[in-house]
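The values are calculated or read from the model by the stated rules, or taken from the named source; none is laboratory data. Being a predicted model, the structure only gives us computed values, none of them experimental. Virtual Cβ from ideal backbone geometry, glycine too; neighbours counted across all protein chains shown. Surface areas here come from the heavy atoms of the whole protein model, side chains and all, with no ligands, DNA or RNA. Shrake-Rupley method; radii C 1.70, N 1.55, O 1.52, S 1.80 Å.
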Amino acid sequence: MSDAIPDDVREEHARLVTEIRAHDTRYYQDDAPSVSDAEYDALRQRLLSLEAEHPALVTPDSPSQTVGAAPASGFSKVVHARPMLSLGNAFSEEDVAEFLQRVRRFLNLGEDEPVAINAEPKIDGLSASLRYEGGKLVQGATRGDGREGENVTANLRTVDDIPDTLPDGVPEVFEVRGEVYMSKSAFAALNEAQAAAEKQIYANPRNAAAGSLRQLDSTVTASRKLSFFAYSWGETSDLPADTQSGVLDAFRNWGFSVNPLTRLCHSVDEIMALYREIETARGELDYDIDGVVYKIDRLDWQERLGFVSRSPRFAIAHKFPAEKATTLLRGIDIQVGRTGSLTPVARLEPVTVGGVVVSNATLHNEDEIARKDVRVGDTVTVQRAGDVIPQILGHLPDKRPADAEPFAFPETCPACGSHAVRDVRENGEMDVRRRCTGGLICPAQAVERLKHFVSRNGFDIEGLGTKQIEMFYAAGEVTAPADIFTLKARNDDLKLEEREGFGDLSVKNLFEAIDARREIGLDRFLFALGIRNIGQQTSRVLAANYLSLEALLTVLDKAVEEGPEGEAWSELTGIDGIGNTAIGALTGFLDEPHNRKVLDDLLAQVTVTDFDAPAQDSPVAGKTVVFTGTLEAMTRDEAKARAESLGAKVSGSVSKKTDYLVAGPGAGSKAKKAADLGVTTLTEQEWLDLIGG
Ligand code: IVH
């Protein structure tokens with residue numbers, strides 16, 4: 001881990017961490033994702049690949065270290081009687097030696113005191129906890145975030161390696177923990193069947209196992225061949241042995257599968273020999289493993305060693321290095337994501353990397369291609385690290401054909417032909433991603449834009465959600481926002497009431513909901529257009545400053561005409577909270593004729609009402625307020641909108657400038673900070689009294 005990390009890699013990593021955290025908060029806490037799943041996944045993958053390349057970047061607070069994800073809906077939740085933890089990592093022999101040293105020091109063991117270590121392959125699946133009471137399986141749960149998982153009992157019952165009943169004499173309460181995984185052969189067969197049925201293809205056996213375990217219909221899980229290795233336990237009324245290896249023997253006797261490569265070791269040398277043996281066998285195994293876990297065998301020592309934050313001090317995961325191979329780069333394709341970002345994908349001569357055939361790899365972005373100077377025709381090094389999508393590390397200069405040309409990254413979108421540009425951030429830096437400006441006319445983006453258009457903070461059309469938009473778009477019936485407003489007029493042809501999922505009443509309700517939105521406030525209207533960098537706050541500030549769409553368009557059109565040097569531009573960027581990024585985005589949008597058409601068509605259907613200027617005489621006009629904790633009388637969004645309509649500024653964090661903190665039950669660090677800073681804290685009721693109910 002002594003390799004120096006280049007500054008630009010460090011910076012990119014730090015940026016990714018901040019960005020992913022912000023998205024996590026929006027997604028998990030605010031329930032309002034700000035990017036598409038694909039884009040979020042791309043960020044996470046990039047983070048993981050940077051960390052795989054530079055393990056020193058992996059800090060305990062990196063988003064890559066968060067234990068799983070918060071439970072998703074569909075299953076009831078299970079709070080684990082004992083939390084399900086993760087493991088610290090070792091990457092080298094030194095790390096392993098250090099681990100054993102630490103253990104010896106902690107237990108204050110003499111030099112000669114033998115320490116037995118149980119070494120177990122680290123199975124690359126997902127962990128599950130199986131609760132047996134009186135020898136009967138009563139509950140099975142996923143790990144979730146470690147504290148709380150999902151109740152997937154019915155699905156776990158379908159796994160062959162999981163017994164429904166245990167033999168007589170087992171402890172009254174026993175939670176067996178281990179890894180649910182899909183064998184490589186079952187994975188290959190599943191993907192083949194999925195492809196034939198034009199269903200989702202899984203990226204790797206682990207995702208397939210996770211996807212299969214989280215099926216709401218357990219007959220689907222039963223049709224997938226899942227397996228289970230037992231290696232740990234949660235709550236127990238008694239233990240069948242006083243060593244890790246002894247408990248695993250008991251598991252075997254109880255009818256569980258315990259990994260056959262598990263072995264007791266007594267020294268670093270013995271551990272390393274086993275590690276190499278398992279690493280060599282890795283490709284031949286019918287399941288994925290990504291390292292070897294070492295656990296102090298004596299349970300009384302495990303108990304004394306205890307835990308540091310999320311990981312036990314008595315165990316460590318010794319990871320295998322990423323696997324590499326070289327192959328020919330046959331071409332570079334550009335994929336357009338759902339938000340318009342252009343991603344270069346390497347098309348490779350298929351090559352086996354660690355037992356998996358790789359024919360595509362990510363090249364991340366155009367700067368990365370330039371930095372690595374990768375050209376079509378090159379022989380490149382491909383790396384596959386665990387779950388990360390394969391990536392290209394570099395090329396072999398000796399093998400470069402004489403006529404290999406530097407890659408020219410396209411400046412137009414391959415999906416729709418619109419300009420593809422790189423944003424310049426406020427700090428003058430260029431965004432690493434090039435994005436298509438096609439918006440609604442780009443087939444790669446249109447559906448997402450339309451979903452945004454009708455979403456809660458946009459036009460908020462009841463009965464018109466993701467499913468309906470996808471259906472209408474696929475049928476070519478709604479391809480631009482204006483089409484939504486002509487559905488009713490076209491219904492003689494469309495005959496919506498005859499379609500599955502619609503009935504006379506729901507069609508009537510839908511048309512009413514659409515008609516109810518033919519009038520819309522300027523701020524919502526702006527936000528609904530889904531222009532990059534024009535979020536709710538920016539939309540509101542612009543609306544508050546220009547009040548009418550007409551006034552706003554007049555100044556924006558002038559800005560388009562005169563450019564950044566002109567008066568209109570400086571008038572706009574002179575507004576508090578409005579910068580070059582926002583105005584660049586708006587003028588860029590208005591400068592494209594196809595966007596103009598979308599706008600004109602829409603304005604033929606809807607009326608944009610003037611912004612309701614916030615009351616200046618309200619008791620909270622000009623005040624800065626922060627909401628925290630659970631609000632009871634209104635949602636966060638409502639509270640915010642209400643406060644803003646009264647002329648208050650709503651902020652997300654408490655500072656000296658905060659006038660009021662409105663704290664509902666469950667308020668945490670913000671309440672403390674407000675108290676420290678002497679900021680007035682109000683209950684929700686006190687706030688309502690202040691603003692007049
Ligand atoms: S022990 C208290 N043993 O690795 C220790 N984990 O990074 C709990 N895993 O969440 C884990 N094989 O999903 C343990 N033989 C093994 C394992 C193993 C795979 C996974 C498991 C865990 C993760 C920790």
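Looking across 310, 371, one residue alone is of a type outside the set (Gly, Ala, Ser), touching a helix residue (DSSP H, G or I) at 6+ places or on another chain (Cβ under 9 Å) and either loosely packed, with under 15 Cβ neighbours inside 10 Å or without any contact (Cβ under 8 Å) to a residue 12 or more places away in the chain (or both). It is 371. Would you mind stating whether residue 501 is at pLDDT below 90 and farther than 27 Å from residue 649 by Cα? The answer is yes for residue 501.
Could you list, in sequence order, the residues of segment 220-244 that are among the aliphatic types (A, V, I, L, M) and outside any strand (DSSP E or B)? 220, 222, 239, 241, listed by residue number.
Residue 166: under 22 Å from residue 80 (Cα atoms), more than 15 Å from the ligand (Cβ to nearest atom), open to solvent by less than 60 Å² (accessible area, probe 1.4 Å) and touching a strand residue (DSSP E or B) at 6+ places or on another chain (Cβ under 8 Å), yes or no? Write out each step before concluding.
On the way: under 22 Å from residue 80 (Cα atoms): yes; more than 15 Å from the ligand (Cβ to nearest atom): yes; open to solvent by less than 60 Å² (accessible area, probe 1.4 Å): yes; touching a strand residue (DSSP E or B) at 6+ places or on another chain (Cβ under 8 Å): yes.
In short, yes.
One residue stands out among those in segment 226-244 that are buried (at least 18 other Cβ atoms within 10 Å of the Cβ) and among the aliphatic types (A, V, I, L, M): the one that is farthest from the ligand (Cβ to nearest atom), which is 226. For segment 290-304, a residue qualifies if it is within 8 Å of the ligand (Cβ to nearest atom) and in a helix (DSSP H, G or I), but none of them does.
Checking each residue in segment 266-289 for being buried (at least 20 other Cβ atoms within 10 Å of the Cβ) and either without any contact (Cβ under 8 Å) to a residue 40 or more places away in the chain or within 14 Å of the ligand (Cβ to nearest atom) (or both) picks out 274, 275, 278, 287, 288, 289.
With the requirement that a residue be assigned to a loop (DSSP other than H, G, I, E, B) and farther than 16 Å from residue 577 by Cβ, what does segment 656-666 give you? If you could, list the steps in order and put the result at the bottom.
Kept after step one, since they are assigned to a loop (DSSP other than H, G, I, E, B), are these residues of segment 656-666: 656-659, 664-666.
Listed by number, the residues that qualify are 656, 658, 659, 664, 665, 666.
The residue pairs whose first member lies in segment 87-105 and is open to solvent by 50 Å² or more (accessible area, probe 1.4 Å), whose second member is within 16 Å of the ligand (Cβ to nearest atom) and part of a helix (DSSP H, G or I), and whose beta carbons are closer than 6 Å, counting only pairs six or more residues apart or on different chains, are 91/55. Scanning segment 392-404 finds one or more residues that are under 23 Å from the mean Cα position of the chain (by Cα), open to solvent by less than 50 Å² (accessible area, probe 1.4 Å) and closer than 19 Å to residue 13 by Cβ.
Would you confirm whether any residue within segment 626-635 is within 31 Å of the chain's Cα centre (by Cα), under 30 Å from residue 435 (Cα atoms) and not aromatic (Phe, Trp, Tyr)? No, segment 626-635 contains no residue that is within 31 Å of the chain's Cα centre (by Cα), under 30 Å from residue 435 (Cα atoms) and not aromatic (Phe, Trp, Tyr).
Could you check segment 107-160 and list, in sequence order, the residues that are within 11 Å of the ligand (Cβ to nearest atom) and farther than 22 Å from residue 309 by Cα? Of everything in segment 107-160, those that are within 11 Å of the ligand (Cβ to nearest atom) and farther than 22 Å from residue 309 by Cα turn out to be 118, 119, 120, 121, 123, 124, 125. Tell me, which strands (runs of 3 or more DSSP E) lie completely within segment 312-386 with 3 or more residues that are within 30 Å of residue 298 (Cα to Cα)? In segment 312-386, the matching strands (runs of 3 or more DSSP E) lie at 315-319.
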